[in-house]
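What follows is a set of notes on a single structure, which appears directly below.
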Amino acid sequence: MSETQFLIGRNGLDLQDDFYPDDLPSEWRFDYYSTLFKALSLPLDTDEDLEQIFEEIQDSKEESEESEEGFELILSIQNSQLINTKKLKKLLDSVADYTQHFTLFCEVEKPPTKEIMQILKGYQICFQSSKALKIGLQEVVVAGQYLSFNRQPVLYASQVLDEKQIRNYLETVANVKTKTILICQFAESETLNKVRIIAELLGY
């Protein structure tokens, strides 16, 4: 088994293919999605019922305490939200009781300020940048991107790939050599399944 392990997911629950049964209530989508995929990214200001999702994640963890294969929820922050400290504090207030159930993620162009880092203290965080941030977090370089994190790296991939490209991409980013959350931002369920299966075949 490789040191690298990918937890595969996508951005949002609104899959446009025939992934969900036609008669599935919308509030059951997360439960259905999480049976097949191990990661999901949502905006921090999502319209999804986060409290319900947090409860389902907690129930799942309690059912599989001995398993290392948990579900990872990523709450993404827009750069404009990150630099607006008043807005950021307000957004975080709504999820402050569930800090152990998610990782905050933001793509940045420059290091966050000390004030922002103080606001984020106590949260699981990961920043993705084209440059080294040097903000006192663990840092790895993956596919030309710097991932700065305090728990585990989160990598956003925006490309829509065929099977050969998926394999090549996974082999390229496998030098991360740790458990990594891989968010295939715009992938539908068929592509997500291909990524998951190819990662398993490659030993990731």
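Values quoted throughout were computed directly from the atomic coordinates according to the rules given, and no laboratory measurement underlies them. None of these values were measured; they are calculated from a predicted model. Note: ideal-geometry Cβ built from the backbone for every residue, glycine included; neighbour counts use all protein chains shown.
Within the range 162-180, take every residue that is touching a Ser or Thr at 6+ places or on another chain (Cβ under 7 Å) and not polar (S, T, N, Q) and give me the one that is surrounded by the fewest Cβ atoms within 10 Å (Cβ to Cβ).
So the residue we want is LYS177.
Quick one: ILE198 ticks every box in (1) in a loop (DSSP other than H, G, I, E, B); (2) in contact with a Lys or Arg (Cβ under 6 Å, 6 or more places away or on another chain) except a single one, so which number is it?
(1)
Return only the number of the condition from (1) touching a residue at least 40 places away in the same chain (Cβ under 8 Å); (2) surrounded by 15 or more Cβ atoms within 10 Å (Cβ to Cβ); (3) not β-branched (Val, Ile, Thr); (4) not in a strand (DSSP E or B) that PHE186 does not satisfy.
Here PHE186 meets the rest and fails (2).
What are the residues in the range 19-49 that are touching a residue at least 12 places away in the same chain (Cβ under 8 Å), farther than 16 Å from VAL195 by Cβ and charged (D, E, K, R), if any?
Taking the range 19-49 and keeping what is touching a residue at least 12 places away in the same chain (Cβ under 8 Å), we get 19-20, 27, 29-34, 36-46, 48-49.
Retained after the next criterion (residues that are farther than 16 Å from VAL195 by Cβ): 20, 27, 29-32, 34, 42-46, 48-49.
Within the range 19-49, GLU27, ARG29, ASP31, ASP45, GLU48, ASP49 meet the criteria.
Residue-by-condition table, conditions (1) touching a helix residue (DSSP H, G or I) at 6+ places or on another chain (Cβ under 7 Å); (2) over 20 Å from GLN5 (Cα atoms); (3) in contact (Cβ under 8 Å) with a residue 12 or more places away in the chain; (4) not aromatic (Phe, Trp, Tyr):
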{"residue": "LEU88", "(1), (2), (3), (4)": "yes, yes, yes, yes"}
{"residue": "LYS110", "(1), (2), (3), (4)": "no, yes, yes, yes"}
{"residue": "MET117", "(1), (2), (3), (4)": "no, yes, yes, yes"}
{"residue": "ILE125", "(1), (2), (3), (4)": "no, no, yes, yes"}
{"residue": "LYS134", "(1), (2), (3), (4)": "no, yes, yes, yes"}
{"residue": "GLU139", "(1), (2), (3), (4)": "no, no, no, yes"}
{"residue": "GLN145", "(1), (2), (3), (4)": "no, no, yes, yes"}
{"residue": "PHE149", "(1), (2), (3), (4)": "no, no, yes, no"}
